[in-house]
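Chemist: Can you keep this structure in mind? I'll have questions shortly.
The values are calculated or read from the model by the stated rules, or taken from the named source; none is laboratory data. What you see is a predicted model; the values in this text were computed from it and never measured. Quick reminder, even Gly has a Cβ in these numbers, built from the backbone with ideal geometry, and neighbours come from all protein chains shown.
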Amino acid sequence: MVNFNIRPFVGTETEYMAEACRNGKICGDGPFTKRCQEWMNSFFRVPATYLTTSGTAALEMAALLCDLKPGDEVILPSYTFCSTADAFVQRGASLVFTDIRPDTMNIDETRIEEAITDKTRVIVAVHYAGVACEMDTICAIAARHGLKVVEDAAQAFGSSYRGRMLGTIGDFNCLSFHETKNLSMGEGGAILLPDLAYRDQAEIYREKGTDRSRFYRGQIDKYTWQDYGSSYLPSDINAAYLWAQLEQYDRIYEDRMQTWKAYDEALRPLAAEGRIEQPCIPEGCEHNAHMYYIKAADLAERTALIDYLKSRDIMAVFHYIPLHSAPAGRKYGRFDGEDRYTTKESERLLRLPLYYGLSVEDRRKVIDAVTAFYR
Ligand SMILES: *Cc1c(COP(=O)(O)O)cnc(C)c1O
């Protein structure tokens with residue numbers, strides 16, 4: 001059987017996790033957390049990175065930092081994971097979904113400005129499949145209207161846009177280390193702050209509303225409850241797992257990229273015949289081989305393809321049901337403009353198995369099965 005995903009494991013994780021246990025510091029902000037954060041500060045060239053308990057938690061911190069009032073509006077694509085929306089709903093914000101571009105499945109930057117009202121405060125850029133949104137346009141719109149930009153870079157660790165790493169362009173930027181992402185810590189994530197002005201407030205939200213982080217740095221002599229907050233620190237045991245993966249980042253990236261390129265090359269003839277569509281990587285975007293998807297003609301064909309692959313022991317999956325058509329999406333938001341591509345394209349998309357360590361043999365099975373289905 002070819003699984004859709006197997007969690008990344010490089011081999012040194014168990015040793016580091018045992019070390020975390022021996023350190024006697026298994027709560028948050030232990031030595032492995034510090035190591036991971038420093039590594040990411042230098043990898044991303046940002047002044048502050050904080051590990052969180054999930055990508056969802058990182059988005060919650062971002063939403064807190066946006067300082068929203070009930071009724072404020074947040075613009076986001078409807079084609080995304082629900083966590084992108086949850087974080088803002090929790091702040092009482094109202095969601096304004098916009099259409100996506102059919103080529104990248106990312107928010108259509110040309111539809112954003114018409115969705116802006118006097119209540120708009122934030123634009124969320126979700127980099128689907130690790131391929132960048134059109135950030136120059138999005139940031140220019142945000143600057144013109146005084147809006148914050150949040151990057152949901154949950155799928156985009158290591159990707160870049162015109163030479164800038166994703167996760168460093170918006171005001172508050174979120175990564176995920178869930179086991180389905182390129183790098184993992186079981187459950188976990190991170191928030192990246194390009195601007196140090198938000199550091200103290202971010203630390204307060206992350207530390208149950210206290211200024212404990214400043215206390216540990218020796219900047220104050222006692223810590224107190226300053227504001228509301230939550231507990232967004234992961235255990236150092238989880239950070240130890242992530243540390244093993246960060247150390248092997250190049251290996252994980254290369255391995256995934258080989259699979260991605262092999263799929264892309266082998267399926268090109270089917271695309272040339274117009275049977276399927278392949279992912280589009282716009283000029284100036286470097287992606288991280290997070291996902292390989294193809295698009296079938298329509299929903300019926302995709303369903304038949306999934307069934308066919310399953311009959312050959314290959315697990316391929318689709319996502320997302322557009323948020324604006326889900327019960328919570330209808331309750332907390334509205335779709336702005338016309339749904340030209342969100343629903344239609346989401347019904348065509350199918351993700352092929354892709355994970356660190358997928359064998360050449362299994363990759364071949366997937367390619368042969370997809371080709372056989374169409375021939
Ligand atoms: C995975 C993912 C999240 C949530 O990350 P978790 O770590 O699972 O909480 C949010 N947004 C997108 C686009 C994702 O793919």
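Chemist: Could you tell me which of the residues A156, A190 is within 13 Å of the ligand (Cβ to nearest atom), under 17 Å from V124 (Cα atoms), in a loop (DSSP other than H, G, I, E, B) and at pLDDT 95 or above?
Modeler: Just one listed residue meets the conditions, A156.
Chemist: Would you check if R22 is surrounded by fewer than 24 Cβ atoms within 10 Å (Cβ to Cβ), closer than 30 Å to L358 by Cα and of a type in the set (K, R)?
Modeler: No, not satisfied.
Chemist: Looking only at the range 2-32, count every residue that is part of a loop (DSSP other than H, G, I, E, B), in contact with a Pro (Cβ under 8 Å, 6 or more places away or on another chain) and modelled with pLDDT of 95 or more and tell me the total.
Modeler: 4
Chemist: Among the residues of the range 111-123, is any under 18 Å from G163 (Cα atoms), within 16 Å of the ligand (Cβ to nearest atom) and surrounded by 23 or more Cβ atoms within 10 Å (Cβ to Cβ)?
Modeler: We begin by selecting, within the range 111-123, every residue under 18 Å from G163 (Cα atoms); these are none.
Checked against the condition, which is being under 18 Å from G163 (Cα atoms), within 16 Å of the ligand (Cβ to nearest atom) and surrounded by 23 or more Cβ atoms within 10 Å (Cβ to Cβ), the range 111-123 yields no hits at all.
Chemist: Please find, among A62, A132, the residue that is in contact with an Asp or Glu (Cβ under 9 Å, 6 or more places away or on another chain), part of a loop (DSSP other than H, G, I, E, B) and within 16 Å of the ligand (Cβ to nearest atom).
Modeler: A132
Chemist: Turning to a different aspect of this structure: Among the residues of the range 41-59, count how many are β-branched (V, I, T) and more than 12 Å from the ligand (Cβ to nearest atom).
Modeler: Summing the residues that are β-branched (V, I, T) and more than 12 Å from the ligand (Cβ to nearest atom) in the range 41-59 gives 2.
Chemist: For residues that are assigned to a helix (DSSP H, G or I) and more than 15 Å from the ligand (Cβ to nearest atom), tally how many sit in the range 65-104. Break it down into steps so the answer makes sense when it comes.
Modeler: So in the range 65-104, the residues assigned to a helix (DSSP H, G or I) come out as 65, 82-89.
Adding the requirement that they be more than 15 Å from the ligand (Cβ to nearest atom) leaves 65.
Qualifying residue count, the range 65-104: 1.
Chemist: Take A197 and decide whether it is more than 16 Å from the ligand (Cβ to nearest atom), more than 17 Å from A240 (Cβ to Cβ), touching a helix residue (DSSP H, G or I) at 6+ places or on another chain (Cβ under 8 Å) and at pLDDT 95 or above.
Modeler: no
Chemist: Go through the range 159-176 and count every residue that is within 15 Å of the ligand (Cβ to nearest atom) and of a type in the set (G, A, S). It would help to see each step written out before you state the result.
Modeler: So in the range 159-176, the residues within 15 Å of the ligand (Cβ to nearest atom) come out as 159, 166-167, 170, 172-176.
With of a type in the set (G, A, S) added as a condition, the list becomes 159, 167, 170, 176.
Going through the range 159-176 one residue at a time, the tally reaches 4.
Chemist: Restricting to the range 74-97, count the residues that are surrounded by fewer than 24 Cβ atoms within 10 Å (Cβ to Cβ), of a type in the set (S, T, Y) and more than 14 Å from the chain's Cα centre (by Cα).
Modeler: Final tally of qualifying residues: 1.
Chemist: Would you check if V150 is crowded, with 24+ Cβ neighbours inside 10 Å, touching a residue at least 24 places away in the same chain (Cβ under 8 Å), in contact with a Gly (Cβ under 9 Å, 6 or more places away or on another chain) and over 19 Å from Y292 (Cβ atoms)?
Modeler: yes
Chemist: Going by the structure shown, is E38 exposed (fewer than 15 other Cβ atoms within 10 Å of the Cβ), over 19 Å from the mean Cα position of the chain (by Cα) and of a type in the set (D, E)?
Modeler: In short, yes.
Chemist: Sticking with this structure for a sec: Right, A244: in contact with a strand residue (DSSP E or B) (Cβ under 6 Å, 6 or more places away or on another chain), assigned to a helix (DSSP H, G or I), away from the ligand (no atom under 16 Å from the Cβ) and over 21 Å from A57 (Cβ atoms) or not?
Modeler: So A244 fails the test.
Chemist: Report the residue count in the range 184-232 for those that are hydrophobic (A, V, I, L, M, F, W, C) and closer than 30 Å to G11 by Cα.
Modeler: Step one: filter the range 184-232 for residues hydrophobic (A, V, I, L, M, F, W, C), giving 185, 190-193, 196-197, 202, 204, 215, 220, 225.
With closer than 30 Å to G11 by Cα added as a condition, the list becomes 185, 190-192.
Residues that pass the stated criteria total 4.
Chemist: Next question, about the same structure. Out of Y223, Y216, Y205, which single residue is surrounded by fewer than 17 Cβ atoms within 10 Å (Cβ to Cβ) and touching a residue at least 24 places away in the same chain (Cβ under 8 Å)?
Modeler: When all the criteria are applied, what remains is Y216.
Chemist: Can we say Y228 is more than 14 Å from the ligand (Cβ to nearest atom), farther than 13 Å from T33 by Cβ and surrounded by 16 or more Cβ atoms within 10 Å (Cβ to Cβ)? Before you say what the answer is, go through the steps one by one.
Modeler: Values: more than 14 Å from the ligand (Cβ to nearest atom): yes; farther than 13 Å from T33 by Cβ: yes; surrounded by 16 or more Cβ atoms within 10 Å (Cβ to Cβ): no.
In short, no.
Chemist: Another question about this same structure. For A316, work out the one condition from (1) surrounded by fewer than 21 Cβ atoms within 10 Å (Cβ to Cβ); (2) among the small types (G, A, S); (3) in contact (Cβ under 8 Å) with a residue 60 or more places away in the chain it doesn't fulfil.
Modeler: For A316, the exception is condition (1).
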